[in-house]
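Trainee: Mind looking over this structure? Questions follow.
The values are calculated or read from the model by the stated rules, or taken from the named source; none is laboratory data. Keep in mind it's a predicted model, so treat the numbers as computed, not measured. Glycine gets a Cβ as well: all are built from the backbone with ideal geometry, and neighbour counts include every protein chain shown.
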Amino acid sequence: MDNDLRFEPVTAERWDDFETLFGPQGAFYNCWCLALRLPHAIRTKMAADERKAHMHDRIKAGPPPGILCYADGAPVAWVQVGPRHDVPQFNSSRTVSRPLEEGDPDDPSIWAVSCFFLLPRLRGKGMSHRLLSLAIDHARRQGARLLEACPIDHVKQSKSVTLCIGSTAIFDAAGFETVARRKDGRPLMRLELQG
């Protein structure tokens, strides 16, 4: 299957593919990948179509907030990767993903991998590792100096919603190092991309 895969940054021209992948439920319970973009109090008051419109506007505005994976021409997976400032809730002082230094969210060279979504038939086949590898390459090409993530150590069931933030194991395998641990099972991890 790997030979049939194609990966593309999600742009306005690829919105229909993004929408197809996320389906009528907007991926995880109509999240539309807004969990780290908008405060919980605002996001939960939005109707599903408002969330979808918000993400549509974000993709249309550019730059691409992530990468789509295609298999045999159809969209099958997504990884959200971009500067920390593009996912404001990743920087909230109340979250386990909060930055190490106060200025980190404003530093355009510090990026974050913050969400994965793949069709159920692709789970358990190494796709998350492949998506992370592409996210690393993309961040490096765009001039990122550091790439951070806040994955989860253990997932009891493979269909758990927590898979959207990624497993610590895939970040370990990619060379990320734990730089903070504010909650058991949720390390803040970092990979140096330059130097």
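Trainee: Condition (residue is without any contact (Cβ under 8 Å) to a residue 24 or more places away in the chain and under 18 Å from L131 (Cβ atoms)) applied to region 3-13: is it met by at least one residue?
Mentor: The first filter runs over region 3-13 and keeps only residues without any contact (Cβ under 8 Å) to a residue 24 or more places away in the chain, leaving 3, 13.
Narrowing further to those that are under 18 Å from L131 (Cβ atoms): 3.
For region 3-13, residues without any contact (Cβ under 8 Å) to a residue 24 or more places away in the chain and under 18 Å from L131 (Cβ atoms): present.
Trainee: If you don't mind, another one. Residue pairs, Cβ under 7 Å, 6 or more apart or interchain, first in region 120-148 and closer than 17 Å to A173 by Cα, second among the small types (G, A, S) and assigned to a helix (DSSP H, G or I). List them.
Mentor: If the second residue must be among the small types (G, A, S) and assigned to a helix (DSSP H, G or I), the pairs left are H129/A173; L147/A139.
Trainee: Does Y29 qualify as being touching a Lys or Arg at 6+ places or on another chain (Cβ under 8 Å) and either touching a residue at least 12 places away in the same chain (Cβ under 8 Å) or more than 19 Å from V113 (Cβ to Cβ) (or both)? Steps first, answer last, please.
Mentor: Numbers: touching a Lys or Arg at 6+ places or on another chain (Cβ under 8 Å): no; either touching a residue at least 12 places away in the same chain (Cβ under 8 Å) or more than 19 Å from V113 (Cβ to Cβ) (or both): yes.
Here the answer is no, as Y29 does not meet what is asked.
Trainee: Please pick out the residue among R130, R145, R51 that is surrounded by fewer than 18 Cβ atoms within 10 Å (Cβ to Cβ) and of a type in the set (D, E, K, R). Write out each step before concluding.
Mentor: On the way: R130 fails: surrounded by fewer than 18 Cβ atoms within 10 Å (Cβ to Cβ); R51 fails: surrounded by fewer than 18 Cβ atoms within 10 Å (Cβ to Cβ).
The conditions single out R145.
Trainee: Could you tell me whether A27 is more than 17 Å from the chain's Cα centre (by Cα) and among the aliphatic types (A, V, I, L, M)?
Mentor: Details: more than 17 Å from the chain's Cα centre (by Cα): no; among the aliphatic types (A, V, I, L, M): yes.
Answer is no for this residue.
Trainee: Moving to a separate point now. Kindly indicate the residue of region 54-67 that is part of a helix (DSSP H, G or I), surrounded by fewer than 17 Cβ atoms within 10 Å (Cβ to Cβ) and not charged (D, E, K, R) and also farthest from the chain's Cα centre (by Cα) among those meeting that condition.
Mentor: Among those residues, the one meeting the criterion is A61.
Trainee: With the requirement that a residue be in contact with a Lys or Arg (Cβ under 9 Å, 6 or more places away or on another chain), closer than 16 Å to V179 by Cα and either part of a strand (DSSP E or B) or not polar (S, T, N, Q) (or both), what does region 84-104 give you? Let's see the steps before the verdict.
Mentor: Step one: list which residues in region 84-104 are in contact with a Lys or Arg (Cβ under 9 Å, 6 or more places away or on another chain), which gives 86-92, 95-100, 104.
Those left that are additionally closer than 16 Å to V179 by Cα: 90-91, 95-100, 104.
Passing the criteria: F90, V96, R98, P99, L100, D104.
Trainee: Further, regarding this structure: Residue under question is D4, and the condition is that it be exposed (fewer than 14 other Cβ atoms within 10 Å of the Cβ), under 26 Å from S97 (Cα atoms) and of a type outside the set (V, I, T); does it hold? Give the derivation first.
Mentor: Values: exposed (fewer than 14 other Cβ atoms within 10 Å of the Cβ): yes; under 26 Å from S97 (Cα atoms): no; of a type outside the set (V, I, T): yes.
Criteria not met by D4.
Trainee: Return yes when D72 is within 27 Å of R141 (Cα to Cα) and surrounded by fewer than 20 Cβ atoms within 10 Å (Cβ to Cβ) and no when it is not. Spell out the reasoning first.
Mentor: Numbers: within 27 Å of R141 (Cα to Cα): yes; surrounded by fewer than 20 Cβ atoms within 10 Å (Cβ to Cβ): yes.
For D72, the condition - within 27 Å of R141 (Cα to Cα) and surrounded by fewer than 20 Cβ atoms within 10 Å (Cβ to Cβ) - is met.
Trainee: Count, please, the residues in region 3-58 that happen to be among the aromatic types (F, W, Y) and at pLDDT 90 or above.
Mentor: So the first thing to find is which residues in region 3-58 are among the aromatic types (F, W, Y), and the list is 7, 15, 18, 22, 28-29, 32.
After this cut, where a residue has to be at pLDDT 90 or above as well, the list is 7, 15, 18, 22.
Of the residues in that region, 4 qualify.
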